[in-house]
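Only one structure is covered here, and it is reproduced in the block below.
The values are calculated or read from the model by the stated rules, or taken from the named source; none is laboratory data. Small disclaimer: the values here were computed from a predicted structure and weren't measured. Note that each Cβ is placed from the backbone with ideal geometry, even for glycine, and that neighbours are counted across all protein chains shown.
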Amino acid sequence: MNPAANLILIGPMGSGKTSTGRRLAQVLQMPFVDLDQAIEQRTGASIALTFEIEGEDGFRRRESEVLAELAGSHGVVLSTGGGAVLSEANRALMRDSGFVVWLDAGVEAQLARLRHDRKRPLLDVPDRRAKLVELAAHRNPLYAATADLRVESSGLGSSSALTRHLATLLERAWQRPAVEALP
């Protein structure tokens, strides 16, 4: 068992990190935080606009800053963006500040889930499948090196089913610290 105050969800876009994270937070009675939404709140701009103005490097800097702030939380479910693992410092921070779950989804599942999504700058390409294959080849080893637990998220159907499955796995794999009583 890996004791950790926070639960951190990593994985590719379309793997269900946000929808499952939100549901899981309710089940676990913990606050939910989405890293991309937190970045948008702090910048006052969408992720797509940040990419457009500052490029991917500028976005990744902002992502690391906000992740460092959120990693200092105690007792949250944190859903990260798919590229948060690109930085070694981010990977170390996630491992040190939480129990990390890799929600793994195959390219076909990602394509199906993201078919109507036009807000993701990295998918603004002619061949989405090729881009997702390229991202998986580069990022999957980083997810594997960061995660305490890997869960296939595309074979269970609904987000509710994935949440139930994940909650059961977490009962065995994750040791949540006891909540301290107030004096």
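One residue alone among Ser73, Ser64 is within 30 Å of Pro3 (Cβ to Cβ) and more than 15 Å from the chain's Cα centre (by Cα), and that residue is Ser73.
Pairs are defined by a Cβ separation below 9 Å, a sequence spacing of at least 6 or placement on different chains, a first member in the range 124-139 that is assigned to a loop (DSSP other than H, G, I, E, B), and a second member that is small (Gly, Ala, Ser); the pairs so defined are Asp124/Ala48.
In the range 108-123, the qualifying residues are those that are in a loop (DSSP other than H, G, I, E, B) and surrounded by 13 or more Cβ atoms within 10 Å (Cβ to Cβ), and the one that is modelled with the highest pLDDT is Leu114. Quick one: which residue in Gly11, Gly81, Gly16 is at positive phi, at pLDDT below 95 and out of contact with any Pro (no Cβ under 6 Å at 6 or more places or on another chain)? Checking each option against the conditions leaves just Gly16.
Of the listed requirements (1) out of contact with any Ser or Thr (no Cβ under 9 Å at 6 or more places or on another chain); (2) part of a helix (DSSP H, G or I); (3) touching a residue at least 40 places away in the same chain (Cβ under 8 Å), Glu171 misses just one: (3). Of the helices (runs of 4 or more DSSP H) lying entirely inside the range 1-93, those containing at least 2 residues that are touching a residue at least 60 places away in the same chain (Cβ under 8 Å) span 17-28, 47-71. Across the range 140-166, the qualifying residues are those that are of a type in the set (S, T, N, Q) and at pLDDT below 95, and the one among them that is nearest to Ala112 (Cα to Cα) is Ser154. Candidates in the range 5-27 are the residues that are surrounded by fewer than 19 Cβ atoms within 10 Å (Cβ to Cβ) and of a type in the set (A, V, I, L, M); of these, the one that is nearest to Gly98 (Cα to Cα) is Ala5. Out of Ser153, Ser79, one residue alone is among the small types (Gly, Ala, Ser), more than 23 Å from Phe51 (Cα to Cα) and in contact with a strand residue (DSSP E or B) (Cβ under 6 Å, 6 or more places away or on another chain). It is Ser153.
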